[in-house]
Structures are given as C-alpha cells and as structure tokens.
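Reading through the structure tokens given below for one structure.
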Amino acid sequence: MEKDARPNWENPMQFVLACVSYAVGLGNVWRFPYLCQMHGGGGFLIPYLIMLVLEGVPLFYMELAIGQKMRLGSIGAWSAISPYLGGIGLASVLTSLYLCLYYNILNAWSFWYLFNSFQSVLPWAECPLNANMTGPDEECERATPTQYFFYRQTLNISSSIDETGGMHLGQVLCLLLAWVFTFLFTLRGVKSTGKVVYFTATFPYVVLFIYLIRGLTLHGSANGIKFMFTPKMEQLADPRTWVNAATQIFYSLGLGFGSLIAFASYNEYNNNFERQAIVVSMINSGTSIFACIVTFAIYGFKATVNYESCLERTRMLLLNTFDMAEELITQDNVGGWLETLNSTHPEQFAGLSGVLEECDLEAELGNAVEGAGLAFIVYSEGIKNMPLPQLWSVLYFFMLLTIGMGSMLGNVTAIITPLRDFKVVSRNISIEALSALVCVFCLLMGLSFTTRQGNYWFTMFNDYAAGFSLFFIVLVEVVVVSYVYGITRFEKDVEDMLGRKPSWLWKVLLVAVSPALLLCLFIFYIVGYIQGGTPTYKAWDKDLGRSVVMEYPVYGQVFIGLLLVSTISCIPLSALYTYCRRKARPATPEPSQIALREPDAWVVPPSEHCSQE
Amino acid sequence: MLGALLVLLGTTACLAQDLCTDETSEGFKVRLSIKTALGQQAYVWNESEMFLFRATLAFAMRQHFKNNEYNVSSILVCNETQRVSFHFVVLDPSDSTQLIQKTAVEAAVRKSRHRINSAFLLSDGTLEFLQIPPTLATPYSPATPPWLIAFGVVIGAVCAGIIVMLVSSLLGPKKGKGEDDDEEEGGGVGRNGIACDALDGACNGGFSDDDRLTQM
C-alpha cells in the first residue's frame, strides 16, 4: 500500500533546468579556461568536442535512461539491475557525500566575497597597513593584495597541514548560511528543487552575458581573446591534452555521482530523455566555451594592466636614476631607452639590475591559474581595476553562488533520493527531516574545513575524494549496462520508454567506445599515481609571499588512501555481502534482498501510460 | 662703500651656496613628477615655481618652529636637474653659516606636508622628499565589519522566511483539513488501487496515477 506516489517534476523543463543547473558548475568557470590556456587555446576545442561526442553524451544518456526506467535513486536502481551491484549506488552516494562536505565551502567563500563587496574600497584592492602604520603589511607587500585577502583574511591559512589553528568566524557563518540555503532548496525534494532551478539555471547566463559585454569593452581584453583563439596545434600531439579533455568532459557533466539518476527518477516514464541528454550536454559545453571567452577577456585586461604598471615602474626607475626630464620617456619607448642607457651609462645601469623587472605581456597572459585561485584571486584582481568595482564584484560572486548552489542541489538530491527509497526511511522520517539531517551532518563535518589548516584538507578532498574513483564507478556502470544487464535489454527498455529503439550509434558508443576510453583513462591515472610518488600540495608561505610545494605527511597520505579505497571498495564489498546473505537465506525470493519499494524493472508497465498526459 | 657691501653680500652668498651640496648631511633631495601627476594640465617648472617651493618650505619652517624669521633666503637649492629634482638645505636665520638639523627639517616638512603638496597640486607620491617617508593616513575602519552587516541582513531575511513558512504550514492544516478529507474520500484515486465504492460521485478507477501496483 503506497501512501503517496513518487513525486514528479512539474514539467520536463524543470528536469532539463535541474540537469543544466547541476552540470554547469564552478568547473565550467575555472577549470575549462585553464585547460584551454594550457593546451593551446582554440585548438583545445577539438579534443574537447570529440570527447563530448564519444564519451560525454553516451554516458549521460545511459545514466538518464537508468534513472528514468528504474524510478529509483542510485542504490535502488543498480540493485534492480542486479542485486549484487547495489554497491555501485552505494559508491555513488558515498562520493556525493564527500563532495557535499567540501563543495559548500566554495559557496561559503562566495558568500564571504559577496558580503565584502559592499564597501567603498574593496578590501582586496589595497594592502592594509602594518602594526605601526609606517607602511603596508609585509606579507601583503611580498604577495599581492588579492592573494593576501584570500590567504590571510579569508582563510587565515597556516603554513602547512600540520600547523593547526582555530576556526575563522566569517567562514563558519558563511558556511552556515550556505547550508541553510541548501536545506531550504532541497527541503521538499523535487517540489522545492524544481522551482529553484528556474533561477539557478538561468541567472548565471545573464551575468555571463553582462560580463561578456563589459569584458570585451575593457582596455586590453583583445590581447586575451587573441591569446585564447590562436591555436597551438602542436599541443594536440601531447596525449595529456586528450586525457585532460576527456577528464574535463567527464567531471563537467557530473557523471557517476548518482545525481543524474536521482533527477531522472522523478521523470514521467515516457519523457524524451534522449533529446534532453543531447541538449543538456551541448548547453554545458557551450557554457564552458562562453565562460572561457569571458575569462580570457578579463585575463587580457588584467594582464594588460599589470604589464602597463610594470612599464610605468620601469619608466619611473629610469627617470629617477638618470634624472631625465619626464616627457623624454613614455611607456612606448621604455624598451628603446633601456638599450640606450645601457650603452651610455653601463655602470649605473648595472647597479639597477637587481631592481629592474622584465615586463612581458605574453608571460602575464601565460600565467595560467586554475581552481579557487582563478575564481577568487585572479578574477577579483581583474574586478578591482574596473570602474565601479563594487557592482561587478557583487554580480560576479552572486553568479558564482548560483552556479555553486545549483550544483549542490544535485549533490544533496543524490544522497537523499536513494536513502528515501528505503521503506524503513521513508516511513519513519519525513523528507524535511531527512534533508535537515543530511545538511546538519555535512555542516558539522564541514566546519573542519574552516580551520586554519582546513584549506589543505579541502584541497585534498578536491583532488582525491571525487576524482579517480568516479572513473571506476562509471566504468563499472557502463560495463554492467552493456554486458551484464545486456545492451539488448537496455535497448528494449529505451524502446519501451521512448517508443523507438536507440540508433546503432548509441549502442556502438555504449558497448565499445565509451568503455574503451574510460579504461584507457583509468589505466593512465593509475600509472600516473604510481609514478607520481608522494602526493604533494601547495602550502602558502607567508614569509615568501607565495605558495610552495610540500609533501603530505603520513597521516595525510593514509587519509587519501582511505578516501579512494572507501568508495571503490563499496562495489566488491556490497557484492560479497549480498552473496553471503543469499547463501544464508536461500529461500527468500530474489527482488526483496534489499527492502525497497518494488522496482519497475520487474513489472511490465501497463498500457495506461498511454492515457496519461 | 656700496661696492664693498656688494662684495660682502656676494661672498656671503657664495659661502652660503657652498653649504648646499650633494653630500651635505643636513639636506634633502626633492623630486617632482609633475607631468605624471597632472598630464595635460601640467605646469612648466621654472624660476617662479622654485620660488614658490622655497617660500612654502620657509612657511613650513615658520609653522613648526613658530619663528617668523625664516625667509625665502633661508632655503638654499642646488643641483637642479631636468627630472625636476634638486637638493635643498635650510639656513639658520640667526646665523647664516649654520644649517638647520636634518631631523628638525624633517619634522617641519612632515607637519606641513599636506600644505606643501597642495601648493603644487601634487601628492606624497609625486612630490617626493627622499628619506622622509610619507605619513600614511589611518584607514577608516568601521566599528562593525561591513561583511557582518550584509550577512546579518541575509540571515535575518532567511529566518523571517522560515518563520513565515512554519506559521503558514501550522495554520495551513487547520484550514485545509476539510479539503483534505474530501479529497481522500471523493478520490480514492491511486491512494489504494482498490476501486472506490460506497462514495459520493463517480470515480474513475482506470485513472490510477500509481502504476506500480497495476499488474498485468
């Protein structure tokens, strides 16, 4: 006796927007531009688009199909496919849990920067004064004001993972706020999520468009755009380019976390997910490219500003050392004068060698930064030089917030949906209480990332928790669907849902191409890890004013190992557990090994579906 | 007589000028960056501007020492360059062979720095007294950090929203309970797959929205 039917999206548009909101994440804004820059600008689009077709879209299609067919979260769906494989779902839930723990810290940072934008002078625009008011703070002098604001005033970072410290009040409050919002958005499951995604999916595009116009009209943005679009085709010969393209597509679409399965499980049975899969993948990649253009316009502006201030400093240095009239040297003929003065006054010029800087626009542009560094340091540096910086800052960080929150919705749904599929949970705990439990748990665990050394743990989670294990999960998924469940059964299910069989192209991609690609990537990463030696991280050295590479201590490495092993081992351990239970109780019939609501896989759907809207 | 006086004055002037050299320990080097600061509205540096500088500096000395004997003639300038940079020393008004101590001059300049800058439409960075560090203005730091205010606003709004939601959900069931009952009885649609009977109105048992229980 069912108390209530499975909730559905109010209309297919909500589902598409939810997928877009989930897939378009912070990685589109900060990882893709970095990869573009590293791997030869416009040329990177070639491997990227090829991988999208060969790997991204088929796997996305597969996950949506499974979710829509089984109408259960990841644990239930995979258990329905085979009772031994519920571990895949469990691994997905665990990975989503790790992701939830640290991802909201990014939203907390966005809140922090957003709130700090409401000042007449942006706090990252200038260095604060030191203790006795004689000059700027030393750490800030050695680094830049934006770096100082991020590492000292936002994180109050310690000098290594071993050095512990207290929590940062601002971070704690912002993290609390981030979780409050996440809770409110996922409170009633798809009923609340479905409404929120109208905003979180569309607002970022509004801001990106505004930034595109602003960016393109900035002085020097053309340098950045030119830099991006000049393809360096020789990069295509480097295998790392292809690996990075495949990895980026993979993570960007959010495969393997169970979020897509969860979202699709709330669909109508006959929803046309095939077209939606293609549309969402295209929108996601299109957004990456769009964000790349905006980022490079800002990059170009920032690099030009830095280059010109370098030229200005060199000019003043020459004027002051050689006591020449101001109008003789301009920014354009600094280079010429450097040579002239070197030949006419060699001893004096030699005395300058310690202070004279190399001003190189290409080097400024080539200064690739990824991750939190790009979003928070580089972008805020670009913003502070714009006219009316407070407005641009508010817009930008609000956009980061909507993007991040949109992705969090998917992450939390990926945890809540499979949990609610268990009868024991759905009968005794209401969905509001379950959401609250998950959010409070993640908040309390996440507080450890707000400590002084918390950022190093954050980096560890970011690099290892939801990385390599996803390849394994999705590889197992695609192999199971293609071979264990059987591509013919899968084909029949799709035909049942959509009314037509999937074309041979989908089948070839799912059976042969995607698994082969994933296997190659998986092996590549294993070899990389083995050859890479001790894992390292970048620690902020406040005396040098920059990051230094340090090795993880033993307990750090053990933790990394735990993170990787805990998710991967879910699959074999769960299979073993099911096998032992079956042996212990041979009389019980197959489907009810795990006490779930009856999955549709074992029930031929009635023809009533045709009469429904 | 007049000739002797002139010779005497000339000698004094020469002697005094000897006091202003590059290596003097009591003097400062001044550097102006007029074109950098003012761009199109830059004025040309000439004798009159130099006179203004010396007068301003004399003013600064008067302000600091409260001694009205300082004059333009007390300020000696030398080593002018194209850059617009020069050295200056301050003569003691009571004894024209003595120079005022460096520290005293520095104190006087620091006290009236803003007035000196304003006279030339320049700032601490563009009218540099080398070896006199600019006094940095105390930055304005409000009592409550601004981010806390913004945070307070947002979390206040969120809490208000939550309270409104809770209140409406508490009030809701009281009003909606009647409707709910009607729905349960009148529909029976999909609540349990059993066809509704002995109820008011016609019910369409074929319109089940829970397909899971409809078996073939």
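The values are calculated or read from the model by the stated rules, or taken from the named source; none is laboratory data. These numbers were taken from a predicted model, which means no experiment stands behind them. Glycine gets a Cβ as well: all are built from the backbone with ideal geometry, and neighbour counts include every protein chain shown. Calculation scope for accessible area: heavy atoms of the full protein, side chains included, ligands and nucleic acids excluded. Shrake-Rupley method; radii C 1.70, N 1.55, O 1.52, S 1.80 Å.
Return a yes/no flag: does the range A:216-237 have any residue that is within 23 Å of the chain's Cα centre (by Cα), at negative phi, open to solvent by 70 Å² or more (accessible area, probe 1.4 Å) and of a type in the set (A, V, I, L, M, F, W, C).
Scanning the range A:216-237 turns up no residue that is within 23 Å of the chain's Cα centre (by Cα), at negative phi, open to solvent by 70 Å² or more (accessible area, probe 1.4 Å) and of a type in the set (A, V, I, L, M, F, W, C).
Among the helices (runs of 4 or more DSSP H) contained in the range A:393-470, which hold 2 or more residues that are open to solvent by 10 Å² or more (accessible area, probe 1.4 Å) and among the polar types (S, T, N, Q)? Steps first, answer last, please.
Details: elements: A:423-428, A:431-446, A:454-460.
Answer list for the range A:393-470: A:423-428, A:454-460.
Could you please give the count of residues in the range A:182-207 that are touching a residue at least 60 places away in the same chain (Cβ under 8 Å), within 12 Å of another protein chain (Cβ to nearest Cβ) and of a type in the set (A, V, I, L, M, F, W, C)?
Result for the range A:182-207: 3.
Out of all the residues in the range B:72-91, is one or more among the hydroxyl-bearing types (Ser, Thr, Tyr) and within 14 Å of chain A (Cβ to nearest Cβ)? Don't jump to the end; show me each part of the working.
If we filter the range B:72-91 for residues that are among the hydroxyl-bearing types (Ser, Thr, Tyr), which is where we start, we get B:73-74, B:81, B:85.
Imposing the further condition that a residue be within 14 Å of chain A (Cβ to nearest Cβ) reduces the set to B:81, B:85.
Within the range B:72-91 (the criterion being among the hydroxyl-bearing types (Ser, Thr, Tyr) and within 14 Å of chain A (Cβ to nearest Cβ)), the answer is yes, since at least one residue qualifies.
Could you check, for the range A:166-181, whether at least one of its residues is away from chain B (no Cβ under 12 Å) and out of contact with any strand residue (DSSP E or B) (no Cβ under 8 Å at 6 or more places or on another chain)?
Within the range A:166-181, none of the residues are away from chain B (no Cβ under 12 Å) and out of contact with any strand residue (DSSP E or B) (no Cβ under 8 Å at 6 or more places or on another chain).
Say whether the condition of being surrounded by fewer than 24 Cβ atoms within 10 Å (Cβ to Cβ), of a type outside the set (A, V, I, L, M) and assigned to a helix (DSSP H, G or I) is met by at least one residue in the range A:252-264.
Of all residues in the range A:252-264, those surrounded by fewer than 24 Cβ atoms within 10 Å (Cβ to Cβ) come to A:252.
Going one step further and asking which of them are of a type outside the set (A, V, I, L, M), we end up with A:252.
When the remaining residues are screened for being assigned to a helix (DSSP H, G or I), the result is A:252.
Taking every residue of the range A:252-264 in turn, at least one turns out to be surrounded by fewer than 24 Cβ atoms within 10 Å (Cβ to Cβ), of a type outside the set (A, V, I, L, M) and assigned to a helix (DSSP H, G or I).
Looking for whichever is open to solvent by less than 20 Å² (accessible area, probe 1.4 Å) and either within 16 Å of residue A:517 (Cα to Cα) or more than 18 Å from the chain's Cα centre (by Cα) (or both) here; the options are A:26, A:52, A:35. Which one fits? Outline the logic, then answer.
Numbers: A:26 fails: either within 16 Å of residue A:517 (Cα to Cα) or more than 18 Å from the chain's Cα centre (by Cα) (or both); A:35 fails: either within 16 Å of residue A:517 (Cα to Cα) or more than 18 Å from the chain's Cα centre (by Cα) (or both).
Among A:26, A:52, A:35, only A:52 is open to solvent by less than 20 Å² (accessible area, probe 1.4 Å) and either within 16 Å of residue A:517 (Cα to Cα) or more than 18 Å from the chain's Cα centre (by Cα) (or both).
On the basis of being within 24 Å of residue A:37 (Cα to Cα), open to solvent by 40 Å² or more (accessible area, probe 1.4 Å) and assigned to a helix (DSSP H, G or I), does residue A:303 make the cut?
no
Kindly establish whether residue A:375 is part of a helix (DSSP H, G or I), modelled with pLDDT of 85 or more, within 46 Å of the chain's Cα centre (by Cα) and surrounded by 15 or more Cβ atoms within 10 Å (Cβ to Cβ).
On the way: part of a helix (DSSP H, G or I): yes; modelled with pLDDT of 85 or more: no; within 46 Å of the chain's Cα centre (by Cα): yes; surrounded by 15 or more Cβ atoms within 10 Å (Cβ to Cβ): yes.
So residue A:375 does not fit the description; no.
Among A:249, A:210, which is the only one that is part of a helix (DSSP H, G or I), away from chain B (no Cβ under 14 Å) and within 29 Å of residue B:156 (Cβ to Cβ)? So that I can check it myself, show each step before the final result.
Details: A:249 fails: within 29 Å of residue B:156 (Cβ to Cβ).
Answer to the selection: A:210.
Going by the structure shown, is residue A:95 surrounded by 20 or more Cβ atoms within 10 Å (Cβ to Cβ), touching a residue at least 12 places away in the same chain (Cβ under 8 Å), on the phi < 0 side of the Ramachandran plot and polar (S, T, N, Q)?
Working: surrounded by 20 or more Cβ atoms within 10 Å (Cβ to Cβ): yes; touching a residue at least 12 places away in the same chain (Cβ under 8 Å): yes; on the phi < 0 side of the Ramachandran plot: yes; polar (S, T, N, Q): yes.
For residue A:95, the condition - surrounded by 20 or more Cβ atoms within 10 Å (Cβ to Cβ), touching a residue at least 12 places away in the same chain (Cβ under 8 Å), on the phi < 0 side of the Ramachandran plot and polar (S, T, N, Q) - is met.
Only one residue in A:333, A:306 is away from every other protein chain (no Cβ under 12 Å) and within 27 Å of residue A:228 (Cβ to Cβ), so which one is that? Step through it out loud before you land on a result.
On the way: A:333 fails: within 27 Å of residue A:228 (Cβ to Cβ).
Selected residue: A:306, the only one of A:333, A:306 that is away from every other protein chain (no Cβ under 12 Å) and within 27 Å of residue A:228 (Cβ to Cβ).
May I ask you to list the residues in the range A:484-504 that are part of a helix (DSSP H, G or I) and in contact (Cβ under 8 Å) with a residue 12 or more places away in the chain?
The first filter runs over the range A:484-504 and keeps only residues part of a helix (DSSP H, G or I), leaving A:484, A:487-498, A:504.
Correct list: A:484, A:487, A:490, A:491, A:493, A:494, A:496, A:497, A:498.
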